[in-house]
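The values are calculated or read from the model by the stated rules, or taken from the named source; none is laboratory data. Predicted, not measured: the structure shown is a model, and the values here were computed from it. Cβ: placed from backbone, ideal geometry, glycine included. Neighbour counts: every protein chain shown. For the accessible areas, the whole protein counts, side chains as well, though only heavy atoms, and no ligand, DNA or RNA atoms are used. Shrake-Rupley method; radii C 1.70, N 1.55, O 1.52, S 1.80 Å.
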Amino acid sequence: MKKEYSTPESQIRASKNYRQKVNSDEEKKAHRNYMTSKRSAKSFINTKATLEDLAELELLIAERKNELSV
């Protein structure tokens, strides 16, 4: 049995307006992308990374720290 969901037109319009507003603000969009990337990296490290992955990431982190400290 297929269950049908109905969303009021006003809610659909409000959601659409919200998405347009949020996506039009480049600073918020950039921050959201930054946070998404950060969560993805943490999740990968904590759940899927092998010892080889972690060793490679340690090298990349050390290189990035050197770039930022110069």
Problem set entry | Test result for Leu51, at pLDDT 90 or above, more than 21 Å from the chain's Cα centre (by Cα) and aliphatic (A, V, I, L, M) | yes
Problem set entry | Residue check, Ala49 surrounded by 10 or more Cβ atoms within 10 Å (Cβ to Cβ), part of a loop (DSSP other than H, G, I, E, B), hydrophobic (A, V, I, L, M, F, W, C) and free of Cβ contacts under 8 Å to residues at least 60 places away in the same chain | yes
Problem set entry | Restricting region 52-64 to residues that are open to solvent by less than 70 Å² (accessible area, probe 1.4 Å) and of a type in the set (A, V, I, L, M), the residue that is nearest to Tyr18 (Cα to Cα) | Leu57
For this session: Considering only region 29-46, state which residues are open to solvent by less than 100 Å² (accessible area, probe 1.4 Å) and charged (D, E, K, R).
Result: Lys29, Arg32, Lys38
Seminar exercise, completed: Tyr5 passes all but one of the listed conditions (1) open to solvent by 90 Å² or more (accessible area, probe 1.4 Å); (2) among the hydroxyl-bearing types (Ser, Thr, Tyr); (3) modelled with pLDDT of 85 or more; the exception is number (3)
Exercise. Ser15 fails exactly one of the following numbered conditions: (1) surrounded by 10 or more Cβ atoms within 10 Å (Cβ to Cβ); (2) modelled with pLDDT of 95 or more; (3) among the small types (Gly, Ala, Ser). What is the number of that condition?
Worked result: (2)
Exercise. Is region 21-28 home to any residue that is in a helix (DSSP H, G or I), exposed (fewer than 10 other Cβ atoms within 10 Å of the Cβ) and at pLDDT 95 or above?
Worked result: no
